[in-house]
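The values are calculated or read from the model by the stated rules, or taken from the named source; none is laboratory data. Since this is a predicted model, take the numbers as computed values, not measurements. Note: ideal-geometry Cβ built from the backbone for every residue, glycine included; neighbour counts use all protein chains shown.
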Amino acid sequence: MGVSPVLGIHEIAFEVRDLERSIAFYRDILGLPLYSRGPQQAWFCIGTQRLALFTQDRPGSGQHFASLIPQEKAEQARDALIAHGFPEETMQQDDGFSVYVRDPDGKKIELYGKRTEV
């Protein structure tokens with residue numbers, strides 16, 4: 001049995017060198033709707049999932065994909081990964097708690113315990 005039940009893919013994040021150039025490509029060439037943006041990030045809608053573009057200096061940057069897990073399971077996932085010998089790597093989000101782990105090839109995976117609306 002795994003660390004936590006995965007409910008689906010929440011986002012895929014790419015690290016980009018030139019945010020403006022990348023926004024233009026994904027918006028104007030691929031036709032993805034720009035959901036939101038900031039000085040170090042841009043978010044696009046792909047159905048119910050998101051594509052995130054991050055600059056290198058943005059906290060939580062780095063190429064990765066985020067799996068959505070139940071919010072109440074996020075801390076249990078962190079504890080289980082630590083028990084398996086993985087280093088603790090977490091980030092408190094505005095609307096949830098992220099736990100990061102690297103696969104055997106070093107790919108970053110986020111387990112995102114997003115709070116649901118009450």
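For the range 102-118, which residues satisfy the criterion of being of a type outside the set (Gly, Ala, Ser) and closer than 17 Å to Leu7 by Cβ? Ile109, Glu110, Leu111, Tyr112, Lys114, Arg115, Thr116, Glu117, listed by residue number.
Here Glu15 meets each of (1) surrounded by 14 or more Cβ atoms within 10 Å (Cβ to Cβ); (2) under 13 Å from Glu110 (Cα atoms); (3) of a type in the set (D, E, K, R) with one exception, condition (2). Cβ-Cβ contacts under 7 Å between residues 6 or more apart (or on different chains), taken from a first residue in the range 16-39 that is in contact (Cβ under 8 Å) with a residue 12 or more places away in the chain and assigned to a strand (DSSP E or B) to a second residue that is surrounded by 10 or more Cβ atoms within 10 Å (Cβ to Cβ) and of a type in the set (Lys, Arg), are listed as Tyr35/Arg50. Would you check if there is a residue in the range 53-72 being at pLDDT 90 or above and assigned to a helix (DSSP H, G or I)? Within the range 53-72, one or more residues are at pLDDT 90 or above and assigned to a helix (DSSP H, G or I).
Selection of the range 73-105 for residues being part of a helix (DSSP H, G or I) and either modelled with pLDDT under 90 or within 18 Å of Thr116 (Cβ to Cβ) (or both) yields Lys73, Ala74, Glu75, Gln76, Ala77. Residues in the range 66-100 that are touching a residue at least 40 places away in the same chain (Cβ under 8 Å) and surrounded by 15 or more Cβ atoms within 10 Å (Cβ to Cβ): Ala66, Ser67, Leu68, Ile69, Pro70, Gln71, Lys73, Ala74, Gln76, Ala77, Ala80, Leu81. Considering only the range 101-118, state which residues are loosely packed, with under 10 Cβ neighbours inside 10 Å and either β-branched (Val, Ile, Thr) or under 17 Å from Gly62 (Cα atoms) (or both). Asp103, Pro104, Asp105, Gly106, Thr116, Val118, listed by residue number. The condition (being within 13 Å of the chain's Cα centre (by Cα) and on the phi > 0 side of the Ramachandran plot) is satisfied by just one residue among Gly60, Gly31, Gly85: Gly60.
Scanning the range 66-111 for residues that are more than 20 Å from Leu51 (Cβ to Cβ) and of a type in the set (Ser, Thr, Tyr) yields a total of 1.
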